[in-house]
Amino acid sequence: MKKIMFTVVKFFGIILASLCLLLFVFVLGPNHLLTTQIGSIFFPLAAGRLLVLLILLTLVSLGFIGWIIKQKRKPGKFLITLTLVSIIALFTGGTEWLIERNVVRENGGQISLMGDKSISTSAKPDTQVSFAHREGKDLKVSVYKNKGIAKKQKQPVYIYIHGGGWASGDSESSAWLHRSMADKGYVAFSINYRLATGNHPNWRTATDDVVDAIKWIKSHAAEYGGDGEHIFLSGESAGGQLALLYAGLVSSGKIEAPLPDAVGVMYPAIDMTWTAKNGRYLSSNVIPGIVEKYLGGNLTIHKDRLRAVSPTNYINDKFPPVYIIHGQKDSLVSITGSEKFVSKLNQAGGQAKLVKIPFANHGINMQEVVSLLSNYAKEIDGLGIKK
């Protein structure tokens, strides 16, 4: 009976180690492949914990081999296979993880095998407040208060615009990030905006809602312990595009609204033409209609709308400092859009930096995001936490 159980354990150990190895090999493929997408989506989420598991598998299997040899017996094929696959997977994944860790550390962030356990995946806002009433519905902003850092002093404000292809998501998307930024000392606000639905594109209304929300936040930040004069604007994907668009419109004088001290975004949808033609996510086929729903139709027909919402068209020397975090394996939003934006803003006399995360797709390790954003913010005048 014990022999059968030992064989079963070895068999499942081989399967587990093989799956880990496949994941680490998958991330090395071309971005458009489904296997690469699977690998690069799960790598940021699971690589560290899988490496810990592989270390244990390797040590246990080597220990058994040593014990069997001492008994003057030969290790079985299953045990040898388990050991070899575990070692190869550990070496492959470990090398990739170290490459990623070095990039994050070089940019002032942190990453550990088991992640940051202080980040809550079940975080909720302290309150939700209506900032506008549009089309028969209240638009709300979620508020995450900091609870302990210099309560008598107003702290910088962190404002987040959610992603979701302009058609999904809400102010509680990425609540773990908002709570983490509040725990760092910021007063965090996450914005809702009207989503694209059916024949109702939101290329104009989403921007209008962001403007209204940020004006409201500036006026009411003090009520929640925030300093409305110092704003760190953030967002991911479609929200990253909206954040950069807002900063461009304000800094170029197209609209009158509060100018953020800095903008920190994750994988922003800057090159929307690329996404419309090539965007994939857990699919070997291009996902249709993402940008078209936002603009209200074909990009060729609505060139004027595309120009109006492209952040690159508003680059100027008064643009606030920009910090972009983008996965190199992003199959939905091309990293080349971020590269070109950063290059053009720096050439125009602005300040921009791009952190390219190896082996990551359209989504990044939570610990990386929190540590990189908070580390960048504290380097900007006015965004440091008051002790």
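The values are calculated or read from the model by the stated rules, or taken from the named source; none is laboratory data. Just so we're clear, the structure is a prediction, and the values are computed from it rather than from any experiment. Reconstructed Cβ throughout: ideal geometry from the backbone, glycine too, with neighbour counts over all protein chains shown. Just the protein is used for accessible areas: all its heavy atoms, side chains included, with ligands, DNA and RNA removed. Shrake-Rupley method; radii C 1.70, N 1.55, O 1.52, S 1.80 Å.
Can you tell me how many residues in the range 353-371 are more than 16 Å from residue 99 (Cβ to Cβ) and either in contact with a Pro (Cβ under 7 Å, 6 or more places away or on another chain) or not in a loop (DSSP other than H, G, I, E, B) (or both)?
The qualifying residues number 8.
Quick check: is even one residue across the range 74-85 open to solvent by less than 70 Å² (accessible area, probe 1.4 Å), under 16 Å from residue 328 (Cβ atoms) and in contact (Cβ under 8 Å) with a residue 40 or more places away in the chain?
For the range 74-85, residues open to solvent by less than 70 Å² (accessible area, probe 1.4 Å), under 16 Å from residue 328 (Cβ atoms) and in contact (Cβ under 8 Å) with a residue 40 or more places away in the chain: absent.
For the range 267-289, name all the residues that are open to solvent by 40 Å² or more (accessible area, probe 1.4 Å) and either in a helix (DSSP H, G or I) or out of contact with any helix residue (DSSP H, G or I) (no Cβ under 9 Å at 6 or more places or on another chain) (or both).
273, 274, 277, 278, 285
Does residue 105 count as open to solvent by 80 Å² or more (accessible area, probe 1.4 Å) and either of a type outside the set (A, V, I, L, M) or touching a residue at least 12 places away in the same chain (Cβ under 8 Å) (or both)? Quick ask: steps written out before the conclusion?
Numbers: open to solvent by 80 Å² or more (accessible area, probe 1.4 Å): yes; either of a type outside the set (A, V, I, L, M) or touching a residue at least 12 places away in the same chain (Cβ under 8 Å) (or both): yes.
In short, yes.
Quick check on residue 256: is it open to solvent by 30 Å² or more (accessible area, probe 1.4 Å), of a type outside the set (Phe, Trp, Tyr) and not in a loop (DSSP other than H, G, I, E, B)?
Against the criterion (open to solvent by 30 Å² or more (accessible area, probe 1.4 Å), of a type outside the set (Phe, Trp, Tyr) and not in a loop (DSSP other than H, G, I, E, B)), residue 256 does not qualify.
Would you call residue 231 part of a strand (DSSP E or B), open to solvent by less than 40 Å² (accessible area, probe 1.4 Å), modelled with pLDDT of 95 or more and under 27 Å from residue 312 (Cα atoms)?
Considered against the rule, which asks whether it is part of a strand (DSSP E or B), open to solvent by less than 40 Å² (accessible area, probe 1.4 Å), modelled with pLDDT of 95 or more and under 27 Å from residue 312 (Cα atoms), residue 231 comes out as yes.
State whether one or more residues within the range 188-197 are in contact with a helix residue (DSSP H, G or I) (Cβ under 9 Å, 6 or more places away or on another chain) and modelled with pLDDT under 95. If you could, list the steps in order and put the result at the bottom.
Taking the range 188-197 as the starting set, the residues that turn out to be in contact with a helix residue (DSSP H, G or I) (Cβ under 9 Å, 6 or more places away or on another chain) are 188-197.
Filter once more, keeping what is modelled with pLDDT under 95: 197.
The answer is yes; a qualifying residue exists.
For (1) within 25 Å of residue 117 (Cα to Cα); (2) touching a strand residue (DSSP E or B) at 6+ places or on another chain (Cβ under 6 Å); (3) surrounded by fewer than 19 Cβ atoms within 10 Å (Cβ to Cβ), each residue gets a yes or a no:
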| position | (1), (2), (3) |
| --- | --- |
| 337 | no, no, no |
| 343 | no, no, yes |
| 351 | no, no, yes |
| 355 | yes, yes, no |
| 367 | yes, no, no |
| 371 | yes, no, no |
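What number of residues within the range 18-30 are open to solvent by less than 70 Å² (accessible area, probe 1.4 Å), in contact (Cβ under 8 Å) with a residue 60 or more places away in the chain and within 22 Å of residue 101 (Cβ to Cβ)?
Qualifying residue count, the range 18-30: 5.
Being part of a loop (DSSP other than H, G, I, E, B) and among the acidic types (Asp, Glu) is the filter; apply it to the range 296-352 and report the residue that is farthest from residue 274 (Cα to Cα).
The selected residue is 317.
Answer yes or no as to whether residue 118 is of a type in the set (Gly, Ala, Ser), open to solvent by 30 Å² or more (accessible area, probe 1.4 Å) and within 30 Å of residue 16 (Cβ to Cβ).
yes
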